[in-house]
Structures are given as C-alpha cells and as structure tokens.
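Here's the structure, in structure tokens; my notes come after.
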Amino acid sequence: MASIHLKLAQKPYGFIATDEAGTEVRMDNIGTSNINFGLSPMQILLIALAGCSSIDVMMILEKQRQNVATYEVSINAKKEVVGDFSLWTKIDISFKITGNVDIDKAKRAVQLSIDKYCSVAETLRRSGAVINTQVEVIV
C-alpha cells in the first residue's frame, strides 16, 4: 500500500510530498509567487508517464539483451481547459536511445509499454488523452 504525506512548506501553494521511504517531491501552482519552488501537479503527471514507460521499456530491452548506452525521454503536451480544471489532451513522447539496440525491438518495447503495461498511460488515455510516440535509436 502506498502512503503519501503532504505538507505546506511555503505559502501560498508550496507543498512537499513525502512517500513512506522519505523521498520528497516539491510542488507548487504555476503562475503564483512561488517561483521555482517545485513542479505543478500536472507536470508531475507527465513525469510519471515518462518514468512509468521508461521502466517498462528498459526492462523489455534488458530481457531482449539489448545494450542501451544512453536513454532519454522528452514530452510535449497540450492541455484543454474544461470548466474549472484542465486535462492533458495530446501528449507527444519521444524516446532517444543510443547503443547496440535494434530499432524494431525498441519500437516494440515502447508500443508495449504505452499500449499495455504503463498504468499512467492508461490513466491518461481514459481521461481522453491521445498519446503519440516517436523512437530514435543511434547505434
């Protein structure tokens, strides 16, 4: 079971969230006086997508004995305002991998993650987001 504790660290909206292991994440509300205090909750959701899919992709490539030297993910996303809240509607996620990696295996690993294994991707999809992927492998 997950356990998260959140406390106000800087007024008006600077919070620190801590998990059961003591790992902290700083967050605030974009557009307030807390310049650079932390990430917005919506940004953290995109970070969760990058992390969730990356764990899947690296595990799949490792099982396929692919030799990944470097690995990077970039996300660009568009929000739609719906009433008082906003939803991610279009998410472009780009994977850049270097090493002795077969491009077809890398593309398949990304597809499996986004379409089958990554719970964050499924959560975003169920809220209406379209997730587009791009994979680049440099040998």
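Quick one: dipole size for the chain, taken about the Cα centre, charges +1 on Lys/Arg Cβ and -1 on Asp/Glu Cβ, in debye to the nearest 20. Intermediate values should be presented prior to the final figure.
Details: 15 positive and 15 negative charges, 31 e Å.
Using only the charged Cβ atoms, the result is roughly 160 debye.
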Within the chain, the percent of DSSP beta bridges that are antiparallel, given to the nearest 5, stands at 70 percent
A chain fully extended from ARG26 to GLU122 at 0.36 nm per residue, minus the present Cα-Cα distance, gains in nm 32.1 nm
Expected max-MSF residue from THR18, THR123, THR89 in the GNM of the chain (alpha carbon, under 10 Å) is THR18
When the charge dipole of the stretch 1-106 is computed with +1 at the Cβ of Lys and Arg and -1 at the Cβ of Asp and Glu, the Cα pointing farthest to the positive end, of THR18, ALA69, GLY38, is that of GLY38
Matching label for the computed Cα extents along the principal axes in Å, out of [x] 49, 35, 30; [y] 40, 30, 26; [z] 93, 31, 17, is [x]
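With contacts defined as alpha carbon pairs under 8 Å and 6 or more residues apart, what's the relative contact order of the stretch 41-138 in percent? Write down the numbers at each step before the final one.
On the way: 154 pairs, mean separation 33.1, N = 98.
Over the stretch 41-138, the number comes to 34 percent.
Give, as a single signed number, the net charge of other residues whose beta carbon lies under 13 Å from the beta carbon of SER86, with Lys and Arg counted +1 and Asp and Glu -1.
Values: positive: LYS78, LYS79, LYS90; negative: GLU80, ASP84.
For residues surrounding SER86, the net value is +1.
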Computed, not fitted: 222 nm per-residue ellipticity of the chain from DSSP H runs ≥ 4 (each -39500 (n - 2.57)), nearest 500, equal to -9500 deg cm²/dmol
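All of the numbers you see were taken from the coordinates with simple rules; none came from a lab. Please read all numbers here as calculations on a predicted model, not as lab measurements. Positions of Cβ are backbone-derived with ideal geometry, glycine not excepted, and every protein chain shown enters the neighbour counts.
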